[in-house]
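What follows is a set of notes on a single structure, which appears directly below.
The values are calculated or read from the model by the stated rules, or taken from the named source; none is laboratory data. Because the structure is a prediction, the values reported are computed rather than measured. Heads up, the Cβs are rebuilt from the backbone with ideal geometry, glycines too, and the neighbour counts pull from every protein chain shown.
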Amino acid sequence: MVGCVFMKALVTGASSGMGYDMSKYLSKLGYDIIAVARDVKGLERLKNECSTNVDIISMDLSDLENCNKLYESLKNEDVDIVVNDAGFEIQGEFSKINLNKELSLINLNIVAVHILTKLFLIKMKEKNKGYILNVASMGAYTPGPLMSAYYASKAYVLSLTLGINKELEKSKSNVHISALCPGPVKTNFDNVANVHFKNKYLNSEFVAKYAINKLLKNKTVIIPGMYNKISRFLLRFLSDKTVAKLTYHINNNKNK
């Protein structure tokens with residue numbers, strides 16, 4: 001594995017799922033972890049399982065004031081990896097979903113990622129080093145009937161990341177940004193959203209290791225799993241209408 005040059009990583013959504021497993025893997029690589037999430041018990045469990053120092057920050061990043069507070073508390077730290085993993089999904093018909101819950105999703109999945117990416121990117125560019133990993137989804141490539149807000153939020157994350165990546169390339173910066181686009185991953189995430197995929201899950205630990213390894217090799221878009229890579233390739237040959245029809249069928253059958 002690539003030797004550790006940068007020794008401190010900030011991970012949001014670190015109390016469970018991929019954020020938890022990415023934090024553990026980064027710790028194995030020698031990174032100190034700044035772990036952010038609402039679930040204090042999950043963060044404390046993470047701290048006990050890591051071999052390096054773990055600073056716990058219990059914070060709800062859907063409250064956008066907290067995003068600025070988080071950065072202000074860390075701007076003097078030498079944070080060289082930022083993983084924007086915090087997020088959630090909602091299933092149901094767009095017209096029937098509670099608007100406030102959707103706005104909370106937009107704040108966490110889009111605006112918080114935007115704020116933290118911008119603030120830490122500016123700092124990294126000053127140092128001319130660092131990595132940012134934004135967690136998108138395979139859903140970023142498709143319309144998402146019955147999960148429209150979630151799919152749209154991940155499309156934003158992917159597009160934002162790709163745009164920033166090209167800017168960094170053109171300026172010959174040593175700062176690197178990547179988007180992780182996993183398909184279904186076996187975590188507590190689907191329990192929170194009350195959805196369950198009938199398709200085979202990817203293992204969260206596998207996805208976490210794969211993502212970090214590719215991040216450190218400057219891979220721009222990270223798609224774990226051969227099934228997801230093939231799906232991404234095939235999507236290029238289908239119309240938006242056909243993809244929307246297929247996605248509706250998948251999302252409509254998750255809990256059946």
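Restricting attention to the range 201-218 and to residues that are part of a loop (DSSP other than H, G, I, E, B) and in contact with a strand residue (DSSP E or B) (Cβ under 6 Å, 6 or more places away or on another chain), the residue that is modelled with the lowest pLDDT turns out to be Y201. You will find that of S23, S58, S16, the residue that is within 23 Å of P224 (Cα to Cα), surrounded by fewer than 24 Cβ atoms within 10 Å (Cβ to Cβ) and of a type outside the set (F, W, Y) is S16 and no other. Here the range 228-256 is the region considered, the condition is being aromatic (F, W, Y) and loosely packed, with under 15 Cβ neighbours inside 10 Å, and the residue that is farthest from N174 (Cα to Cα) is F237.
Do we have M147 as out of contact with any Pro (no Cβ under 9 Å at 6 or more places or on another chain), touching a residue at least 12 places away in the same chain (Cβ under 8 Å) and hydrophobic (A, V, I, L, M, F, W, C) here? If you could, list the steps in order and put the result at the bottom.
Details: out of contact with any Pro (no Cβ under 9 Å at 6 or more places or on another chain): yes; touching a residue at least 12 places away in the same chain (Cβ under 8 Å): yes; hydrophobic (A, V, I, L, M, F, W, C): yes.
Yes.
Identify, from the list I57, I33, I115, I90, the residue that is in a helix (DSSP H, G or I), of a type in the set (V, I, T) and touching a residue at least 12 places away in the same chain (Cβ under 8 Å). Before the answer, list the steps.
Working: I57 fails: in a helix (DSSP H, G or I); I33 fails: in a helix (DSSP H, G or I); I90 fails: in a helix (DSSP H, G or I).
The unique qualifying residue is I115.
Does V113 count as within 17 Å of the chain's Cα centre (by Cα) and closer than 30 Å to N253 by Cβ? Answer is yes for this residue.
Counting just the residues of the range 160-175 that are more than 11 Å from K125 (Cα to Cα) and in contact (Cβ under 8 Å) with a residue 24 or more places away in the chain, which one comes out nearest to the chain's Cα centre (by Cα)? Across the range 160-175, the extreme among qualifying residues is T161.
Can you name the residue in the range 152-177 that is of a type in the set (S, T, Y) and surrounded by 23 or more Cβ atoms within 10 Å (Cβ to Cβ) and is also farthest from L215 (Cα to Cα) among such residues? First the steps, then the outcome.
At the first step, the residues of the range 152-177 found to be of a type in the set (S, T, Y) are 153, 156, 159, 161, 171, 173.
Those still in the list that are surrounded by 23 or more Cβ atoms within 10 Å (Cβ to Cβ) too: 153, 161.
Details: S153: 21, T161: 13 Å.
Among them, the one singled out is S153.
Screening the candidates N68, N109, N134 for the property of being of a type outside the set (A, V, I, L, M) and either in a strand (DSSP E or B) or on the phi > 0 side of the Ramachandran plot (or both) yields one hit, N134.
Return the residue satisfying two criteria in turn: it lies in the range 126-140 and is out of contact with any Gly (no Cβ under 6 Å at 6 or more places or on another chain) and over 19 Å from L216 (Cα atoms), and of such residues it is surrounded by the most Cβ atoms within 10 Å (Cβ to Cβ). Steps first, please.
Quick first cut of the range 126-140, residues out of contact with any Gly (no Cβ under 6 Å at 6 or more places or on another chain) only: 126-137, 139-140.
If we keep only those that are over 19 Å from L216 (Cα atoms) too, we end up with 126, 137, 139-140.
On the way: E126: 10, S137: 26, G139: 22, A140: 20.
Per the stated criteria, the residue is S137.
Can K75 be described as basic (K, R), closer than 21 Å to F120 by Cβ and over 20 Å from the mean Cα position of the chain (by Cα)? In short, yes. Test L119 against the stated conditions and say whether it is farther than 19 Å from H176 by Cβ, modelled with pLDDT of 95 or more and over 14 Å from the mean Cα position of the chain (by Cα). The answer is no for L119.
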